[in-house]
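Let me begin by handing over the structure; questions about it come next.
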Amino acid sequence: MPQAIGNKTLFRNAFPRFHAGQREEFISEEELKVRLKDWLQNWPGNNLPPDLARFKTIDDAVDHLVRSWYQVRLE
């Protein structure tokens, strides 16, 4: 996943994962989908937010979330 270019490391096809008090980690799209699916399946009260509840399946909601991410370029 990581690719060094000069003094910068690029992560292609990787998604950053942040948790308070922990170092960031980069995960694959497949791992991201697994984690999102688990998170949505265990959503408190089993009532997803309206923008995710409109999808027929959890997998459809996960695909939407993955497709909807945006890239931030930090320099």
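Just so you know, all these numbers are worked out from the coordinates, no wet-lab data involved. Keep in mind that what you see is a predicted model, and the values were worked out from it rather than measured. Using ideal geometry, Cβ is built from the backbone for each residue, glycine included, and neighbour counts are taken over all protein chains shown.
Which FRET efficiency, nearest 0.05, do Gln22 and Asp51 yield, Cβ-Cβ r, R0 25 Å?
On the way: r = 27 Å, r/R0 = 1.10.
Efficiency, from the Cβ-Cβ distance: 0.35.
Can you sort Arg23, Arg35, Arg54 from fewest to most other Cβ atoms within 10 Å of each residue's own Cβ?
Arg23, Arg54, Arg35
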